[in-house]
1. When the solvent-accessible surface of protein heavy atoms is calculated with a 1.4 angstrom probe, in what order do Glu130, Glu115 fall, highest first?
2. What number, in percent, do you get for the relative contact order of the range 75-150 if the mean sequence gap of Cα pairs under 8 Å and at least 6 apart is divided by its residue count?
3. Taking the DSSP beta bridges in the chain as the whole, what percent of them are antiparallel, to the nearest 5?
4. Got the relative contact order for the range 4-188 handy, in percent, Cα pairs under 8 Å and 6 or more residues apart?
5. Comparing Gln164, Gln17, Gln58, which has the greatest mean-square fluctuation in the GNM of the chain with Cα pairs linked when under 10 Å apart?
6. What's the magnitude of the charge dipole for the chain around its Cα centre, counting Lys and Arg as +1 and Asp and Glu as -1 at the beta-carbon? Answer in Debye, nearest 20.
7. Keeping the other protein chains in place, figure out the carbon and sulfur percent of the accessible area of the range 4-188, with a 1.4 Å probe.
8. Would you mind pulling out the separation of the Cα centroids of the range 76-118 and the range 17-58, in Å?
Amino acid sequence: MRNIVLFGPPGAGKGTQSALLVDHFGFVHLSTGDIFRANIKGQTELGTLAKSYMDQGQLVPDDVTIRMLEDSANGHPDANGFIFDGFPRTTAQAEALDRFLEGKGQSISGMLALEVEEDELRDRLAKRAETSGRADDADPAVIQKRIDVYNAETAPVAEHYQGQGKYHGIAGMGSIEDIFARLRDAIDGLA
Ligand code: AMP
């Protein structure tokens, strides 16, 4: 069983590529952003809390996010591998994920990090704003905040996996098909 962390800044293409990888490999896809948005839509208490952070481009606190992710993963006892999208976003989340998987006799097989230039990210997010309906895509100041938070708090998560020899940088520029082929080949190469 392979468990993958799909990593990269906002607008890197994690959601788009996750859908293709799910089709190809049969992973269960867990996107913390998607789960938060479902909670906002369902007007749950968690949704109200998450929205107050998301609308400002800030991270939802670790304790809430980790608990939610673990509950979601536990909802798929028969999963033949997970693709974690948008999680972990802090080193504390990465450590919690390691402990959680270890408790199940599992581990992360590899982190695939989509590398995309910042100007391209801004262009993609502005374009996505036209169709996503996401408040956090519509405001350039919030987009910039998300990129800044990524650089300050999330980028260091790569070092966590580098230390474990599990980091794989993937060129995230070019066509969706070409990027998918790079990810697919990298996953095929994982033990
Ligand atoms: P995303 O859909 O991955 O772009 O996430 C949208 C927003 O949800 C982020 O800007 C954060 O506010 C929040 N979020 C998603 N995943 C996490 C996470 N792992 N930790 C903290 N906040 C998160």
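The values are calculated or read from the model by the stated rules, or taken from the named source; none is laboratory data. Being a predicted model, the structure only gives us computed values, none of them experimental. Neighbour counts are summed over all protein chains in view; Cβ atoms, including those assigned to glycine, are modelled from backbone coordinates with ideal geometry. Each accessible area value is taken on the protein alone, full model and side chains, heavy atoms only, with ligands, DNA and RNA left out. Shrake-Rupley method; radii C 1.70, N 1.55, O 1.52, S 1.80 Å.
1. Details: Glu130 150, Glu115 90 Å².
From most exposed to least exposed: Glu130, Glu115.
2. Numbers: 23 pairs, mean separation 11.7, N = 76.
Result for the range 75-150 is 15 percent.
3. Restricted to the chain, the bridges split so that about 0 percent are antiparallel.
4. On the way: 242 pairs, mean separation 60.3, N = 185.
Here the relative contact order equals 33 percent.
5. Answer for the Gaussian network model of the chain: Gln164.
6. On the way: 19 positive and 30 negative charges, 59 e Å.
For the chain, the charge dipole is close to 280 debye.
7. Working: 4290 of 8960 Å².
Carbon plus sulfur share of accessible area: 48 percent.
8. Result: 15 Å between the Cα centres.
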